[in-house]
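Novice: Would you mind keeping the following structure in view while I ask a few things?
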Amino acid sequence: MNKERRYYPAFHLGPMAGWLNDPNGLCQLSGVHHIFFQYSPDDPRGGNKCWGHYETKDFVTYRFTGTFLEPDTKWDRNGVYSGCAYVKDEQMYLFYTGNVKHVGEHDYVHSGREANTMLVISPDGVAAGPKECLMRNGDYPGNLSCHVRDPKVFLHQGRYYMVQGARTLADEGCVLLFSSMDLRRWEFERAIHKPEFGYMWECPDLFWMSGKAFLSVSPQGLASEEFCNQNVYQSGYFALGKWNTAENISLGDFYEWDYGFDFYAPQTYEDEQGRRILLGWMGVPDAPYDHDPTIEEGWQHMLTLPRQLSVDDTTGRIRQTPLPELSALRVGLLFASRLEGKCMERTMECGYELLLSDIEGPFVEIDFCDGLTFVYDATLATCRLIFTKDAVGYGRDERRLRLASGKLSNLRVFVDRCSVELFMNDGEEVMTTKYFPSESPTLRLRACALAQAWELAEYRVLNLKS
Ligand code: FRU
């Protein structure tokens, strides 16, 4: 391990250098999965946003091809913001928001900001056609603030649709729905919103699984409650039902994708096998990350593991499970034993995968290191992730969830150098969190369960830019 970059992930995607946020332009083309992301290569604290680009065929070996799009036109000079890919005729149609900020006395909510809907066509995520500006502020409905962004495009019943996130002048978050026959001329169809549900919605995504439509959004401005909305901003989804026949789409319950400290702006795509795959940003905007020790290492933030989505027919909710390809990272079994409630202690090298199955008894307690503890309480059907040491959590305290199924039957955890991703009950709930353990942390486990752990190999990343 490189001493200077002791927290750099072994099997998550981080920026080669600098800053990373949202996953963008996710798609698969001719066998290759493309993973673009919000990227500021020169500054680990963020800066003008570009798109960086990774590609992979198997989710174990990756190629980093560098910066794909930079803010270099009058339409995007203050940031190549988030967007999506639509694959057509062996090409990626990449839509994004060109962010422009005017100099002057502006609040950049009501004035001073342009949100241009942009298109670039690419065969491979390296070569880029000309930047085309498709829509400008004047093309959006008149009741909106300057906050309109993050286009996501899909085909439905022979017509193209685009969703964008927005903030109205009345400070309501909403999704704008546009349609098109040619991917270039877009007509506004309608806005989708839920009363009193935040002032801005970012990064919308509309997709179908098992014949049902779902709308994923990242709302800002939701009040925090004991078991939900615990971060400064959230990400979750609504089940839409018959969205295409109703004039007004009414949104039902909102389910958070992830209950950990660090998760935001996920995007999904359908791969060539028809799987719906989700990646999220392991970070949250405006959360206090200034203390993040990776900044001194010259980088900040990661993407989550790729997660395969499926609909649970009994609950109608979406499960998330790590992509099966990730099992290829297992290089050796570290232990497999039946635990009967006594404490088991091991010194661990990161990364590893821990699986608890056949969970019984009143509790599960896992110290991932001296400073980060997971606690399941069977009486309350709750899970808590608790930072007990500031040097590990940097001012963070605790995140909680109440298990939808009433009990914890199994738990699968991916532990990387500075992150843990916990999948409860075959992915019914997930908690993703960054943490900063000392070297070779001690794992302490107390549970009545079958416990197995595997050492995980590092991703192979070919850096075509260094
Ligand atoms: C979400 C977000 C997007 C925006 C991008 C800019 O994290 O704020 O709405 O396009 O990040 O980096």
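Novice: Go through the range 153-172 and report how many residues are among the polar types (S, T, N, Q) and open to solvent by less than 30 Å² (accessible area, probe 1.4 Å). Don't jump to the end; show me each part of the working.
Specialist: Let us first name the residues in the range 153-172 that are among the polar types (S, T, N, Q), namely 157, 164, 168.
Narrowing the set further to residues that are open to solvent by less than 30 Å² (accessible area, probe 1.4 Å) leaves 164, 168.
Looking only at that region, the number is 2.
Novice: I would also like to ask the following. Could you check the range 195-216 and list, in sequence order, the residues that are outside any strand (DSSP E or B) and closer than 29 Å to Val109 by Cα?
Specialist: Residues of the range 195-216 that are outside any strand (DSSP E or B), as a first pass: 195-199, 210-211.
Within the range 195-216, Pro195, Glu196, Phe197, Gly198, Tyr199 qualify.
Novice: Residue check, Leu240 against (1) within 16 Å of the ligand (Cβ to nearest atom); (2) free of Cβ contacts under 8 Å to residues at least 60 places away in the same chain, all met but one. Which one?
Specialist: For Leu240, the exception is condition (1).
Novice: Looking only at the range 50-60, decide whether some residue is touching a strand residue (DSSP E or B) at 6+ places or on another chain (Cβ under 7 Å) and more than 19 Å from Leu279 (Cβ to Cβ).
Specialist: No, there is no match, as no residue in the range 50-60 is touching a strand residue (DSSP E or B) at 6+ places or on another chain (Cβ under 7 Å) and more than 19 Å from Leu279 (Cβ to Cβ).
Novice: Could I ask something else about it? Of the conditions (1) more than 23 Å from Asn425 (Cα to Cα); (2) assigned to a strand (DSSP E or B); (3) open to solvent by less than 50 Å² (accessible area, probe 1.4 Å), Glu189 clears all except one; give me its number.
Specialist: (3)
Novice: Restricting attention to the range 331-363, which residues are over 12 Å from Ala453 (Cα atoms) and open to solvent by less than 20 Å² (accessible area, probe 1.4 Å)?
Specialist: If the condition is that a residue be over 12 Å from Ala453 (Cα atoms) and open to solvent by less than 20 Å² (accessible area, probe 1.4 Å), then Leu339, Ile359 are the ones that fit.
Novice: If a residue has to be more than 21 Å from Gln230 (Cα to Cα) and surrounded by 21 or more Cβ atoms within 10 Å (Cβ to Cβ) to count, how many in the range 426-442 make the cut?
Specialist: The initial filter retains those residues of the range 426-442 that are more than 21 Å from Gln230 (Cα to Cα), namely 426, 437-442.
With the extra rule that they be surrounded by 21 or more Cβ atoms within 10 Å (Cβ to Cβ), the set shrinks to 437, 441.
The qualifying residues number 2.
Novice: Quick one: which residue in Glu297, Glu270 is away from the ligand (no atom under 13 Å from the Cβ) and over 30 Å from Gly31 (Cβ atoms)?
Specialist: On the way: Glu270 fails: over 30 Å from Gly31 (Cβ atoms).
On inspection, the qualifying residue turns out to be Glu297.
Novice: For the range 229-267, which positions are among the hydrophobic types (A, V, I, L, M, F, W, C), crowded, with 16+ Cβ neighbours inside 10 Å, at pLDDT 95 or above and farther than 20 Å from Gly25 by Cβ? Give the derivation first.
Specialist: Taking the range 229-267 as the starting set, the residues that turn out to be among the hydrophobic types (A, V, I, L, M, F, W, C) are 232, 238-240, 243, 246, 249, 251, 254, 257, 261, 263, 265.
Next, from what is left, pick out any that are crowded, with 16+ Cβ neighbours inside 10 Å: 238-240, 243, 249, 251, 254, 257, 261, 263, 265.
Adding the requirement that they be at pLDDT 95 or above leaves 238, 254, 257, 261, 263, 265.
Residues satisfying the conditions are Phe238, Phe254, Phe261.
Novice: If you don't mind, another one. Would you be able to tell me the number of residues in the range 195-240 that are of a type in the set (Phe, Trp, Tyr) and within 14 Å of the chain's Cα centre (by Cα)?
Specialist: Here the count works out to 2.
Novice: So which residues in the range 364-404 are among the small types (Gly, Ala, Ser), open to solvent by 10 Å² or more (accessible area, probe 1.4 Å) and closer than 12 Å to Phe261 by Cα, if there are any at all?
Specialist: Within the range 364-404, Gly395 is the sole residue that qualifies.
Novice: Would you confirm whether any residue within the range 99-120 is within 15 Å of the ligand (Cβ to nearest atom) and under 26 Å from Thr304 (Cα atoms)? Before you say what the answer is, go through the steps one by one.
Specialist: Taking the range 99-120 and keeping what is within 15 Å of the ligand (Cβ to nearest atom), we get 99-101, 108-109, 113-118.
Now narrow it down to the ones that are under 26 Å from Thr304 (Cα atoms): 99.
Checked against the condition, which is being within 15 Å of the ligand (Cβ to nearest atom) and under 26 Å from Thr304 (Cα atoms), the range 99-120 yields at least one hit.
Novice: Please specify each residue of the range 173-224 satisfying the condition of being among the aromatic types (Phe, Trp, Tyr) and within 13 Å of the ligand (Cβ to nearest atom). Show your work before the answer.
Specialist: Just the residues of the range 173-224 that are among the aromatic types (Phe, Trp, Tyr), to begin with: 178, 186, 188, 197, 199, 201, 207-208, 214.
Hit for the range 173-224 is Trp201, nothing else.
Novice: Got a sec? Which of Gly129, Gly125 is of a type outside the set (D, E, K, R), under 26 Å from the mean Cα position of the chain (by Cα), closer than 17 Å to Gly83 by Cα and not in a strand (DSSP E or B)?
Specialist: Details: Gly129 fails: under 26 Å from the mean Cα position of the chain (by Cα).
Exactly one of Gly129, Gly125 is of a type outside the set (D, E, K, R), under 26 Å from the mean Cα position of the chain (by Cα), closer than 17 Å to Gly83 by Cα and not in a strand (DSSP E or B), namely Gly125.
Novice: Any idea which of Val32, Val120, Val100, Val80 is open to solvent by 10 Å² or more (accessible area, probe 1.4 Å), modelled with pLDDT of 95 or more and on the phi < 0 side of the Ramachandran plot?
Specialist: Val32
Novice: Something else about it: Being within 25 Å of Tyr54 (Cα to Cα) and either among the basic types (Lys, Arg) or open to solvent by less than 10 Å² (accessible area, probe 1.4 Å) (or both) is the requirement here; does Arg446 meet it?
Specialist: Working: within 25 Å of Tyr54 (Cα to Cα): no; either among the basic types (Lys, Arg) or open to solvent by less than 10 Å² (accessible area, probe 1.4 Å) (or both): yes.
No: the conditions fail for Arg446.
The values are calculated or read from the model by the stated rules, or taken from the named source; none is laboratory data. Quick caveat, the model's predicted, so the values are computed rather than measured. With ideal geometry, Cβ positions are generated from the backbone for all residues, glycine too; neighbour counts draw on all protein chains shown. The protein model used for the area step is the full one, side chains on, heavy atoms only, and it has no ligands, DNA or RNA in it. Shrake-Rupley method; radii C 1.70, N 1.55, O 1.52, S 1.80 Å.
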